[in-house]
1. Say we look at segment 236-279 and pick out the residues that are farther than 26 Å from residue 185 by Cα and touching a strand residue (DSSP E or B) at 6+ places or on another chain (Cβ under 8 Å); which of these is surrounded by the most Cβ atoms within 10 Å (Cβ to Cβ)?
2. Please pick out the residue among 292, 339 that is within 23 Å of residue 190 (Cα to Cα) and in a strand (DSSP E or B).
3. Kindly establish whether residue 199 is within 23 Å of the chain's Cα centre (by Cα), part of a loop (DSSP other than H, G, I, E, B) and crowded, with 23+ Cβ neighbours inside 10 Å.
4. Looking at residue 213 and the list (1) exposed (fewer than 15 other Cβ atoms within 10 Å of the Cβ); (2) within 20 Å of the chain's Cα centre (by Cα), which single condition is not satisfied?
5. Does residue 140 count as surrounded by fewer than 16 Cβ atoms within 10 Å (Cβ to Cβ) and either modelled with pLDDT of 95 or more or touching a helix residue (DSSP H, G or I) at 6+ places or on another chain (Cβ under 8 Å) (or both)?
6. More than 26 Å from residue 256 (Cβ to Cβ), buried (at least 24 other Cβ atoms within 10 Å of the Cβ) and either touching a helix residue (DSSP H, G or I) at 6+ places or on another chain (Cβ under 6 Å) or free of Cβ contacts under 8 Å to residues at least 60 places away in the same chain (or both): which single residue out of 311, 339 fits that description?
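The values are calculated or read from the model by the stated rules, or taken from the named source; none is laboratory data. Worth saying up front: this structure is predicted, and the values here are computed from it rather than measured. Methodologically, a virtual Cβ is constructed for each residue, glycine included, from the backbone with ideal geometry; neighbour enumeration extends over all protein chains shown.
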């Protein structure tokens, strides 16, 4: 082969190999440009506090989402899962909880509403309806006398108008009474709870203890019912549930001594309300009066300050409960009534009998079994619930 030919072949081979190398180098260069340079992207994408500087250990904060420029403030919202939304306590509705009483009461009055004019027999039926609702004989007669007088003055004769006048009169019967629970500042207040066994004294104390603690008060419970074996145990359970302290004595011991110890303990431990349970024995009136009088005297000794004596009555017992309540009201200076199980009674009229015959305001009522179902008595809501 000619030398010239060989030279041309060598030249072509060199050109081809050189072009391939050039293309490979350019392609590699583009690949390198597409890859981030170590240190550039890391600094931009990762929070500053994630970097380890000069051999320091990096501190990782998983809640930081962005780097905050100098001078800016990072407002961190708590993770959604960490936010606990507490359900507000829903106050029991008198209308919803007084179904039995309302059904019975409106059942008695239903036949009168449609009457064009009330005759003597209709008035007697109305009186009977009030008595059946446990309003009480004397209170029922007094209410209807006023209603008849107002109906005559207003020229009202039809049943609907008479029922409306009765509703107004019942509102007035319960109005303008002090239903507040007294806690005097700077005193070791003592609330005595009295009533026969089975009316719910201990449960009432437990529920009130929770309520007072929630309101920022500092209750202490005193298990003064030493004659019922389960009373102290039951009250102890309530104290544990509500975070209250409790003082209890030996079974069959002197109730006054337990309450005295409770008052002393409350004063020493900065507890401002002593919720004192008492025995519900009703052997005879004389013994009861002597026992309760002694309990009250002891509870009032320094540093004790008796600010409430609450008579607990079971609404379902009706007039039987009233007769027992009168004995307790005579034995001790009662300041208010706690009416339990009102939601389970068809005879809600007992409220009127209590306030009229005993002259004592109803301060609290039980509208259910729940711990928050012991509520302040609201007279307007109560009367409206009976008629609606």
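1. Only one residue tops the list, namely 249.
2. Sole residue among the options that is within 23 Å of residue 190 (Cα to Cα) and in a strand (DSSP E or B): 339.
3. yes
4. Here residue 213 clears every test but (1).
5. Judged against the criteria, residue 140 is not a match.
6. Numbers: 311 fails: more than 26 Å from residue 256 (Cβ to Cβ).
After ruling out the rest, the residue left standing is 339.
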